[in-house]
Amino acid sequence: MVPIQSGAASSAPELAPPLAFWLLLCLLALVGGAVGSAVARRLSNPVRKYRLLYVGAVLPFGLFAYGLLSILDLGAAVRAALVGTATGTAAVDVFFAELLTMTAAGVVSLVAYAPTIRGVRVVRDIDLGTGRAVLQMARWLLGVSVAFALAFTPFRVGVDSGVSTVVIAVGVVTLVVGVLAASPWLVAALRSTERPVGDDVARIDRLRERAELRDDLIRGVRVLDTDEEETANAFVRGLGPTRRLFVTSTFLDAFDDETAAALLGVQAGRVRSRALARRMGAVVAAAVPLLVAFGAEAPTAPLVAVAGVALVGGLWYARRGIVAADDHAAGLLGADAVADALERYADCHAMEPSRRRVPNPLSANVPLGDRIDRLRARSDGRAPAGGDGDPYAN
């Protein structure tokens, strides 16, 4: 096994080599983002292609940048240049090194994202300012960098100190649960939110009642300002008593009560099916064997295989949670009403619903088009909930 490097090395690494690699990564990100945007704009269903560009290229390139810069000890080199080789506290040294490395990788992702904004503005016909979009993304990336550094520091310090990997794995599980519970506050910290006011209060209460998204499921509502980007979303974050419903300003403006109630019904179904917990559980189930594999006596190959099986099985279980949520909403408001709402959601985002014959085993989502087709079939009596032959059936 390759040992994890300590962010608190006794000798200061050189700054020039990792800095040169970071600048090269930024240049590659700029070119890649511009080329990817040009290609996405010219393909069919361009909004969908932009989403694939972000998930399949921008994010992985940012992760690659983090891995490379971490190996090159960029964070430790910058920290040493700013405050000296070490502060005397290993945890503090590691935290700042991780924060600087993650922030540098975030800048790489931001450089790749910036050239795509103009293309998104064109294909969605929205008035999204490049400066505003970059600032919003920068705020989100900085928040993620801080959260990641705080979360990863105990792991790095623990491994460097010889703490049992089993103990570290238990700590990771505890950390994930804590992040899920605190996620409503994290969203509020990373996005501009406010309490609903005026007529929105009564309308949201009415929609929540129809969708059975009552106070026993959530403990409050916040509105996200999306007037420029025009993203019409609603989602629930948190665990148990910390759950909170977030709706965007565009969601309230763009959808009528029938559409909004159906989409909130899907969110209520996801809370009841614990869709988010299923997704995070899949990641944790795969991560724990990998963490244990860092142990000196651990059988690495079998643990990696277990992690792969756990990931595929966990993501399959997560997809079933999404289908169960659709079934819940269909039971409340009718399958056709939910299908209509999903189509209206796609139209609002200038997106053609995608479809897939065979589920992607590494995806936690069910394609929107497949969800719509399944609901239509259920309404026609051709595919009852949980019916045979449905690859997504619960």
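None of the figures in this text is laboratory data; all of them are computed from the coordinates on show. Since we're looking at a predicted model, the values are computed, not measured. Positions of Cβ are backbone-derived with ideal geometry, glycine not excepted, and every protein chain shown enters the neighbour counts.
Structure data summary
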read-out	value
Nitroxide proxy distance, nm - points 7 Å out along Cα→Cβ at A188 and A147	1.5 nm
DSSP-defined beta bridges in the chain - what % are antiparallel, rounded to 5	60 percent
Lys, Arg +1 and Asp, Glu -1 on Cβ, resulting dipole of the chain about Cα centre, debye, nearest 20	480 debye
Dipole-positive endmost among L99, L311, C26 within the chain (Cβ charges, Cα centre)	L311
CD proxy at 222 nm, helix term only [per DSSP H run n ≥ 4: -39500 (n - 2.57); per residue of the chain; nearest 500]	-22500 deg cm²/dmol
Net charge contributed by nearby residues that have their C-beta within less than 9 Å of L332 (K/R +1, D/E -1)	0
Mean Cβ count within 10 Å, highest first, over the residues of peptides 23-32, 91-100	91-100, 23-32
Per-pair calculated FRET efficiency, R0 = 41 Å: V83 and R219 via Cβ, rounded to 0.05	0.50
Span-rule helices in the chain, defined as complete DSSP H runs reaching 30 Å or more along the axis (Cα) with Kyte mean at least 0.5	16-42, 90-113, 130-160, 165-190, 300-333
Cα Rg, Dmax (largest Cα-Cα span) when computed across the stretch 115-158, Å	16.0, 50
Gaussian network model of the chain, springs between alpha carbon atoms under 10 Å - residue of A325, A286, A147 with greatest fluctuation	A147
Spread of Cα-to-Cα distances over 5 Å intervals beginning at zero, given as percent, for the stretch 137-294	2, 8, 15, 18, 17, 13, 10, 7, 5, 3, 1, 0
Paired Rg and Dmax values of the stretch 89-193, which use every Cα atom, in angstrom	17.3, 55
Base-10 log of normalised Debye intensity for the stretch 310-388 (one unit scatterer per alpha-carbon) at q = 0.17, 0.24, 0.27 Å⁻¹	-0.68, -1.20, -1.33
Evaluated over the stretch 225-361, the Cα radius of gyration and Dmax, each in Å	18.5, 60
q = 0.14 Å⁻¹: log10 I(q)/I(0) that the Debye formula gives for the chain, counting C-alpha atoms only	-1.42
Normalised per residue, the volume of the convex hull around the Cα set of the stretch 12-87 (Å³)	84 Å³
Cβ-based charge dipole, the chain, positive-most Cα from T242, I117, S363	S363
